[in-house]
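Below: one structure, written as C-alpha cells.
Each reported figure results from applying straightforward, stated rules to the coordinates on display, with no laboratory input. These numbers come from a predicted model, not from an experiment. All Cβ positions, even for glycine, are placed from backbone atoms using ideal geometry, and neighbour counts span all protein chains on display.
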Amino acid sequence: MEIIDNMYYGFGRIVLALSLADGKVDQSEIEMLEKSIDEVAEERGIDLSMITTSFQQWKTIKSFSTEEMMRGGLHDFHLGDLHLTPELASIFRSIVIDVVSAEPPITSKEQEMAREFISYLNERERNIK
C-alpha cells in the first residue's frame, strides 16, 4: 500500500464511523458514498475506490465502537495526509456532508463527529504549502 492510500483507507473508516453514529449503517448512506465516489471518478478522474473498499471491509467487523472506528480512521488518514490537497479536502468535506445527510434525522453524535473531521481537514488544509 502506498502512503497516500492510508488517507483513503482511513477516510473509509471515518465515513463508516459517521454512518454508525446513529446506531446502524443505512442503505441510503452506502448508496450516497458510492454515488459520491463514482461522481468524483467521472468528473475529476480521481480514483477513490479504496474508500469504499475500506468502508465495506470494516463494516463486517463488529468489535469496534463508533468512537474507536473514528479514532482509528483519523489515525490512518493522518498517516497519508501529507498528500492532502485543497481539491481532496473539498471532496472529503462534501462526501462527509452527503453521507451524514443521506438518512435523516441527523443525530447530535453524527453532527459532532462530522464537525470533528471537518475541523481536522480545515486545520490540515491551512498547513498545505
Computed over the chain: longest principal axis from alpha-carbon atoms vs helix 3-20 long axis, angle to nearest 10 degrees, is 20 degrees
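Find the relative contact order for region 24-129 and round it to a whole percent, using C-alpha pairs within less than 8 Å whose residues are 6+ positions apart.
After rounding, I find 37 percent.
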Need one number: nm distance between label points at residue 126 and residue 90, each 7 Å from Cα along Cα→Cβ, rounded to one decimal. 2.0 nm
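Under the 0.36 nm per residue contour assumption, what length would be gained going from the current alpha-carbon distance of residue 41 and residue 67 to full extension? Don't jump to the answer; show the numbers that get you there.
Working: separation 26, 0.36 × 26 = 9.36 nm, distance 2.95 nm.
Between residue 41 and residue 67, full extension yields 6.4 nm more.
Please label the shape of region 49-94 as rounded, prolate or oblate, based on the square roots a ≥ b ≥ c of the eigenvalues of the alpha-carbon gyration tensor (a/c under 1.5 means rounded; beyond that, a/b larger than b/c means prolate, else oblate). Each step should come with its number before you reach the end.
Values: a/c = 2.33, a/b = 1.75, b/c = 1.34.
Cα axes put region 49-94 in the prolate bin.
Report the charge-dipole magnitude of the chain in Debye, nearest 20, computed about the Cα centre from +1 at each Lys and Arg Cβ and -1 at each Asp and Glu Cβ.
On the way: 13 positive and 24 negative charges, 83 e Å.
Approximately 400 debye in magnitude.
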Between (1) -0.42, -0.57, -0.65; (2) -0.32, -0.46, -0.53; (3) -0.66, -0.74, -0.78, which matches log10 I(q)/I(0) by the Debye sum over Cα atoms at q = 0.11, 0.13, 0.14 Å⁻¹ calculated for the structure shown? (2)
Net charge within 11 Å of residue 67 by Cβ-Cβ distance, Lys/Arg positive one each and Asp/Glu negative one each, not counting residue 67 itself? -1
